[in-house]
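Before any comments, here is the structure.
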Amino acid sequence: MITRRNALKSAVFASMAAPALIQKAAASEEAMKPDGAPVDLSKLERRNVELVAPPFVHEHEQVATLEPAIIEFEMTIIEKELEIDDEGTMLQAMTFDGSVPGPLMVVHEGDFVELTLINPESNSMPHNIDFHAATGGLGGGSLTLVNPGEMTVLRFKATRPGTFVYHCAPGGPMIPWHVVSGMSGAIMILPRDGLKDHENKPIKYDTVYYIGENDFYIPKDADGNYMRFEDPGSSYADTLEVMNGLIPTHVVFNGRAGALTGDNALKSTVGKTVLFVHSQANRDTRPHLIGGHGDLVWETGKFNNPPERDLETWFIRGGSAGAALYTFLQPGVYAYVNHNLIEAVNLGATAHVVVDGEWDNELMAQVTEPTALADAYKSKKALP
Amino acid sequence: MKRPAHYIATILLAFISFSTANAAKMSMPETVVIEAGSFMYRASGEFLKERYPVDAPMQKIAFAVPFEFMKYQVLAKDYEQCVTERVCGEPLNQRRHSENLPITSVSYQDAINFAKWLSDKTDVNWRLPTDEEWAFAAGSRFVDDAINAKTNTNNPAERWLTKYKKYADLETGNDPVIKPSGSYGSNENGIYDLSGNVWEWTDSCYTRTRLDSDGKKLSQSDNCGVRIAAGQHRAYISYFIQDAKGGGCSVGAPPTYLGIRLIKMPRANLLERILNFVDLTGRR
């Protein structure tokens, strides 16, 4: 019996080319030796931050009360199989720190990000990290390529305030494949004096939710069932074919269709302000909060630009992260979607926000409940 | 219904020859007799009491005569035979891998077509149950869908949020694996697999009923483009949907799969059957 869940196509491990490609990728990327003049950072304080799995974010100050420091993070790359919908479809995922997307890192402008990147022996492939927030060295990619059983430490200065994507970029065709296998996340670099509105007045949020959006490309077998693979390498050839068609089979938030609905729905309360950070490392998207708005939106995610106001939908370019601030005014269930509604409803890109609080009848009321058509309307046809 | 006599004769001939052509009969599906009786039943559909949504009222429903209900859900292989004979539509994304799996991706229309086909095959009339019949036969497997939220006229979101949480709990633990017939065991009536992960189409339409302050019915509107699928909870699904996945702004727990279980009608005499057939044809 082959169910969708068990469609393990071990017979289709046709391509031994995949491991070969990996080896090539590893060999061709000679680690760059940075030879710059030494910088004395010995006077800077060091602070260690424990990362938290999305959609949640580690504790942080919105307005920095301390001097710039070296902020230490540690991420372990974990290759593992993940279920990406409620039908048992499996992805040979590659993850930063075990989650898809990787965790959101928060620092302040002027801080130094110091990341320890670990590639355990149990992994099968070399990985690295490219920070869009970092300057030079392919965003850190050229300094961080680590084979299984290796680790590295990268330091970069957070010079530009904003939300930025990070992703794995281990060379050649490995780059898109690692990204659509889950290897992306975001960093938020806050201005030292916090976020400002369009009039440059300080603003605060009560909660940050980090929504990482992923497009997945799962191959199907001859019977139309999603294929399941033994390891990432054996999934490569079939996955590449679907990737090159540019039509994802799944578009999801937080690594899985339904990851942020039902019992895992996001929560808020009337009067509370939420900052939604939304990243997409590969493909354009357009977040929309059904029943709500973006009060202040940094569509491109960069805090030196004034935020746009009162947006209905905002555009997140593939390879970027944006931020939208909203204060909830009405209780109920809100759907936070990618407003390509096919992707939202059929492919998975939907989250829910459950909001408690008092209803404001001025903002909305049901004037007449659904009633039978009055006689005067009964004869009316759609067309004259 | 007035029709030219020769037309009726043609139909009759067609009917008779069709019956003989289908000599390859299906074996009669197993059924369980549900004895006549009565029970308290929470009505289906939406209810508005003095403008506000409320839980549906409880009603006493009585069945004067016994009825026969399929012991198991319709199997994929039997449905496939109906597809092969071009009476039923293709199910969505379901392959013929196992002998003993229920059909799981069919619409209301598919279910109706299957009932017609099976009736021809077995010389007995089969039809979809009503929601009342399904609930009565399901007995302890029937899940009350009351929200039990206080109707707060100042905060319409309260009932909405309570409902969301209730359905979120229901959704947890839904298994996507299609299990062989019989895997979910039987209820006290000896019917298997009720309220597993395959919902069953009923013939009942989506209704909205308005009540006055005493709970007296003021009016009702029906939408038969939407039918009830019975299972772990009632689901209201458009008649052409084969896969009821939800998402976007549709908040609630959709059925995992949509399948079929039929009621066997008492054997009608030949004249009734012919009249019935003519009547059906006339409606086309």
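Could you please find all residues in the range A:210-235 being of a type in the set (Asp, Glu) and surrounded by 22 or more Cβ atoms within 10 Å (Cβ to Cβ)? Of everything in the range A:210-235, those that are of a type in the set (Asp, Glu) and surrounded by 22 or more Cβ atoms within 10 Å (Cβ to Cβ) turn out to be A:GLU213, A:ASP215. Here the condition is being more than 14 Å from every other protein chain (Cβ to nearest Cβ) and surrounded by fewer than 18 Cβ atoms within 10 Å (Cβ to Cβ); of A:ASP238, A:ASP284, A:ASP263, it holds for A:ASP284 alone. Scanning the range A:200-219 for residues that are in contact with a helix residue (DSSP H, G or I) (Cβ under 8 Å, 6 or more places away or on another chain) and in a strand (DSSP E or B) yields A:ASN214, A:ASP215, A:PHE216.
Inspect all residues belonging to the range A:317-335 and state whether any of them is more than 9 Å from chain B (Cβ to nearest Cβ), assigned to a loop (DSSP other than H, G, I, E, B) and charged (D, E, K, R). Yes, the range A:317-335 contains a residue that is more than 9 Å from chain B (Cβ to nearest Cβ), assigned to a loop (DSSP other than H, G, I, E, B) and charged (D, E, K, R).
Checking each residue of the range B:23-31 against the condition of being among the small types (Gly, Ala, Ser) and either at pLDDT 95 or above or part of a helix (DSSP H, G or I) (or both) gives no match. Filtered by the rule that a residue be within 25 Å of A:ALA53 (Cβ to Cβ), part of a loop (DSSP other than H, G, I, E, B) and aliphatic (A, V, I, L, M), the range A:258-308 gives A:ALA259, A:LEU260, A:ALA265, A:ALA281.
The set of residues from the range A:116-173 being without any contact (Cβ under 8 Å) to a residue 24 or more places away in the chain and surrounded by fewer than 19 Cβ atoms within 10 Å (Cβ to Cβ) comprises just one member, A:GLY136. Would you be able to say whether some residue in the range A:362-384 is polar (S, T, N, Q), facing chain B (nearest Cβ under 8 Å) and closer than 30 Å to A:PRO101 by Cβ? The answer is no; no qualifying residue exists. Among the criteria (1) in a helix (DSSP H, G or I); (2) surrounded by fewer than 16 Cβ atoms within 10 Å (Cβ to Cβ), the one B:ARG159 does not fulfil is (2). Taking the criterion of being modelled with pLDDT under 90 and acidic (Asp, Glu), the residues of the range B:159-190 that qualify are B:ASP169, B:GLU171, B:ASP175. When each of B:THR162, B:THR153, B:THR202, B:THR209 is tested for being of a type in the set (S, T, N, Q), within 30 Å of B:ALA64 (Cβ to Cβ) and either more than 17 Å from the chain's Cα centre (by Cα) or within 14 Å of another protein chain (Cβ to nearest Cβ) (or both), the lone residue that passes is B:THR209.
When you scan the range B:66-78, do you find a residue that is within 14 Å of another protein chain (Cβ to nearest Cβ), in a loop (DSSP other than H, G, I, E, B) and farther than 30 Å from B:ASP214 by Cα, even just one? Taking every residue of the range B:66-78 in turn, none turns out to be within 14 Å of another protein chain (Cβ to nearest Cβ), in a loop (DSSP other than H, G, I, E, B) and farther than 30 Å from B:ASP214 by Cα.
With respect to the conditions (1) among the acidic types (Asp, Glu); (2) over 15 Å from B:GLN73 (Cα atoms); (3) more than 9 Å from chain A (Cβ to nearest Cβ), B:ASP169 falls short on a single one, namely (3).
If I filter the range B:40-54 for residues that are more than 30 Å from B:LYS150 (Cα to Cα), assigned to a strand (DSSP E or B) and within 14 Å of chain A (Cβ to nearest Cβ), do I get at least one hit? Looking through the range B:40-54, none of the residues is more than 30 Å from B:LYS150 (Cα to Cα), assigned to a strand (DSSP E or B) and within 14 Å of chain A (Cβ to nearest Cβ).
If you go through the range B:204-247 and keep only what is charged (D, E, K, R) and farther than 28 Å from A:GLU87 by Cα, you end up with B:ARG208, B:ARG210, B:ASP212, B:ASP214, B:LYS216, B:LYS217, B:ASP222. The sole residue among A:VAL153, A:VAL208 that is of a type in the set (Val, Ile, Thr) and over 22 Å from the mean Cα position of the chain (by Cα) is A:VAL153. Only one entry in A:GLU50, A:GLU83, A:GLU87 is within 19 Å of the chain's Cα centre (by Cα), acidic (Asp, Glu) and within 14 Å of chain B (Cβ to nearest Cβ), namely A:GLU83. Is there a residue being farther than 22 Å from A:HIS167 by Cα, away from every other protein chain (no Cβ under 14 Å) and surrounded by fewer than 17 Cβ atoms within 10 Å (Cβ to Cβ) anywhere in the range A:341-361? For the range A:341-361, residues farther than 22 Å from A:HIS167 by Cα, away from every other protein chain (no Cβ under 14 Å) and surrounded by fewer than 17 Cβ atoms within 10 Å (Cβ to Cβ): absent.
The values are calculated or read from the model by the stated rules, or taken from the named source; none is laboratory data. What you see is a predicted model; the values in this text were computed from it and never measured. Neighbour counts run over all protein chains shown; Cβ positions are idealised from the backbone, glycine included.
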